[in-house]
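First the structure, in the form of structure tokens, and then the observations on it.
The values are calculated or read from the model by the stated rules, or taken from the named source; none is laboratory data. Just so it is clear, the structure is predicted and the values come from calculations on it, not from any experiment. Quick reminder, even Gly has a Cβ in these numbers, built from the backbone with ideal geometry, and neighbours come from all protein chains shown.
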Amino acid sequence: PQIKDVPTKPYDGQKPGTSGLRKRVKIFQQEHYTENFVQSILDSITAKGASLVIGGDGRFLVKETVQTILRIAAANGVAKLIIGRDGILSTPAASNVIRKYKADGGILLTASHNPGGPNNDFGIKYNVSNGGPAPENVTNKIFEKTKTISSYKVVEGEKDLDLNTLGDKEFAGMKVQIIDSVTDYVKMLQEIFDFDLIKSFLTSRAPEFKVLFDGLHGVTGPYGKAILVETLGLPASVVQNAVPLPDFGGGHPDPNLTYAKSLVDKVEKENIQFGAASDGDGDRNMIYGKGAFVTPSDSVAIIADWADRIPYFKKGGVKGLARSMPTSAAIDLVAKKKGVECFEVPTGWKFFGNLMDAGRLSICGEESFGTGSDHIREKDGVWAIVAWLNILAAANRESPNELIGIKEILQKHYKVYGRNFFSRYDYEEVPSEGANEMVDALNKQITSKSLVGSKFASKSTGSAFVVSEAYNFDYTDPIDKSVSKNQGQVVRFEDGSRVVWRLSGTGSHGATVRMYVERYVEPGKGDAELFRDTSEGLKGLIEVALEISKLKEYLKREEPTVIT
Ligand code: VG1
Ligand code: CO
């Protein structure tokens, strides 16, 4: 094959964010833009002789980018590419394939839950050999390379490779294996969960206990079908929006109450006890049954609490638990009761990997609809959904005289542990200037210690909050001691409530401000307090949070874009 050095110039702004490089498709389509980034990845690892996994969420530009990667990888002496059929692998499936095939890493083509299509977003993310997102020392190296790149290598005169037929092939002297996107993943889940128990529960309770899965036209449709229909024997109608589309059918493939409305409406209308959805690349999940929404912070705490009903944890035990900093402390309470370690890491799944590799972390989650465990090194939407089915099946086996649904599990949990009311307000695509000024002002209040001891009262509820602590969250990785600074501003109050502000690291343009509010209610407060509506339970605290940050003035926004 003919290898050519193509001269190029650096592009600004190729810094990987919370989860890879995410930009508008049009940006990636600029001459040499994608090539520069791919070459910079290969220059940051030992590309020669490496085996890499390639797959994406099926969005617009994935197939073309796989062909680009084939040409650049072959020219750089990569030994083997393992590619999902048609270039498709969900993010968790890719993490599994990297681990199972002992690959050196993987390039994942996804912008996750961001909309797709020619006028929307694309993304490229590098994962390392443990199957997890590259840690900051690697992403920093990639970014440095993008700033000085002057040429990239490419093979010329090769036809596009057929990505649709499975099996071993060759491309310009490099080995290529096209694998089924779903098979290995389903096998993995079968080793983790009690599928016999789930199946017998769903079959015996079929008319009253209905299930609905919504793929939101992202990558998980075929995975959902393989599990729910082919493995668990449910009718094909339990899976909707299951065909992956390059533009996700024009939707926003993010499983929350706003964007997964197709699921929420049907669950309510048809009295469905178990509804679930996943995002564009399959790593997020939402659990939603008739009249019962599970916040992701509660979800991970409940999975941890019931873990011994899941064969994988029954066998291996639960070594430790963890959450990202803005996630509610519901899981901390479970860790305390079980007597296991609990870690608080910065936002982004890459921070869990070291703890898992060191054998100190089994189950973890983020408030952003991310839940997972050490079975792989990414959050895993379909895993979380099957975990819930496994827990519900076990709970019903233990109480055969009543039907236990999501609501009953939640209420039982609150009665034992109390409830961490939690909500996130997102202000999307606000002017960066205003966002930065708001953060600076918060930092000033933190350094001057002016907040501590101050009392803020809500005008509408009359409840008062006294600040006990205010700080900027820094993290030192307990395993490799690497330090990540400025991960968000935190204000804590004497009653245990907390507010956090952060700038998003996944947006494709403009700034996005996230404000997270949490208020804990003890189990002894009684059902009326514990089972309140989230927005009611948090009303006073949200007013106080807006007052402390002067958010409306800085961002010039009255209302958030999305509330989760
Ligand atoms: C967001 C979430 C974060 C998550 C990240 C990637 O990041 O807040 O918890 O890990 O998305 O998820 P940010 O920086 O925008 O707040 V995914 O499903 O987009 O890979
Ligand atoms: Co995602």
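Listed values, structure above:
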read-out	value
Enumeration of residues in the range 465-500 that are crowded, with 16+ Cβ neighbours inside 10 Å, away from ligand 1 (no atom under 16 Å from the Cβ) and assigned to a loop (DSSP other than H, G, I, E, B)	Asp477, Ser497
Some residue of the range 365-387 being over 17 Å from the mean Cα position of the chain (by Cα), in contact (Cβ under 8 Å) with a residue 24 or more places away in the chain and surrounded by fewer than 24 Cβ atoms within 10 Å (Cβ to Cβ)	no
Residue match in the range 338-355 (condition: without any contact (Cβ under 8 Å) to a residue 40 or more places away in the chain and of a type in the set (A, V, I, L, M, F, W, C))	yes
Filtered residues of the range 5-28 (kept if farther than 28 Å from Lys379 by Cα and either surrounded by 14 or more Cβ atoms within 10 Å (Cβ to Cβ) or hydroxyl-bearing (Ser, Thr, Tyr) (or both))	Val6, Thr8, Pro10, Tyr11
Matching residues, the range 271-285, being outside any loop (DSSP other than H, G, I, E, B) and within 16 Å of ligand 2 (Cβ to nearest atom)	Ala276, Ala277, Ser278, Arg284, Asn285
Test: Leu61 is away from ligand 1 (no atom under 16 Å from the Cβ), under 19 Å from Gly105 (Cα atoms) and either more than 26 Å from the chain's Cα centre (by Cα) or of a type outside the set (Asp, Glu) (or both)	no
Flag if Glu268 is away from ligand 2 (no atom under 16 Å from the Cβ), in a loop (DSSP other than H, G, I, E, B), among the charged types (D, E, K, R) and outside the structural domain of Ile72 (by TED's automatic domain parsing)	no
Residue match in the range 153-165 (condition: within 26 Å of Asp357 (Cα to Cα), of a type in the set (A, V, I, L, M, F, W, C) and surrounded by 18 or more Cβ atoms within 10 Å (Cβ to Cβ))	no
Residue in the range 382-395 that is among the hydrophobic types (A, V, I, L, M, F, W, C) and not in a helix (DSSP H, G or I) present	no
Out of Ile446, Ile406, sole residue that is over 30 Å from Gly359 (Cα atoms), crowded, with 16+ Cβ neighbours inside 10 Å, of a type in the set (Val, Ile, Thr) and in the same structural domain as Thr347 (by TED's automatic domain parsing)	Ile406
Filtered residue count, the range 417-455, keeping only those that are part of a helix (DSSP H, G or I) and modelled with pLDDT under 95	16
Any hit, the range 294-305, residues being of a type in the set (Val, Ile, Thr), crowded, with 24+ Cβ neighbours inside 10 Å and within 16 Å of ligand 1 (Cβ to nearest atom)	yes
Within the range 144-191, strands (runs of 3 or more DSSP E) holding 1 or more residues that are farther than 21 Å from Asn36 by Cβ and in the same structural domain as Gly84 (by TED's automatic domain parsing)	167-171, 174-179
All positions within the range 456-486 that are under 16 Å from Ile542 (Cα atoms) and without any contact (Cβ under 8 Å) to a residue 24 or more places away in the chain	Ala464
Test: Val439 is more than 27 Å from Gly496 (Cα to Cα) and within 27 Å of the chain's Cα centre (by Cα)	no
Condition met for Ile69 (part of a helix (DSSP H, G or I) and modelled with pLDDT of 95 or more)	yes
Unique match (being under 22 Å from the mean Cα position of the chain (by Cα) and in contact (Cβ under 8 Å) with a residue 40 or more places away in the chain) among Pro92, Pro10	Pro92
Flag if Thr46 is part of a loop (DSSP other than H, G, I, E, B), in contact (Cβ under 8 Å) with a residue 40 or more places away in the chain and of a type in the set (Ser, Thr, Tyr)	yes
Selection from the range 332-381 of residues that are small (Gly, Ala, Ser), outside any strand (DSSP E or B) and within 14 Å of ligand 1 (Cβ to nearest atom)	Gly348, Gly353, Ser368, Gly381
Options Ile404, Ile376: the member that is at pLDDT 95 or above and of a type in the set (Val, Ile, Thr)	Ile376
Count - residues of the range 501-528 that are more than 11 Å from ligand 1 (Cβ to nearest atom) and assigned to a strand (DSSP E or B)	7
Unmet requirement for Gly218, which otherwise passes all of (1) touching a Leu at 6+ places or on another chain (Cβ under 9 Å); (2) without any contact (Cβ under 8 Å) to a residue 12 or more places away in the chain; (3) surrounded by 17 or more Cβ atoms within 10 Å (Cβ to Cβ)	(2)
Residue count for the range 503-554, restricted to those that are at pLDDT 90 or above and at positive phi	1
Residue in the range 341-352 that is within 20 Å of Thr295 (Cα to Cα), β-branched (Val, Ile, Thr), within 16 Å of ligand 2 (Cβ to nearest atom) and touching a helix residue (DSSP H, G or I) at 6+ places or on another chain (Cβ under 8 Å) present	no
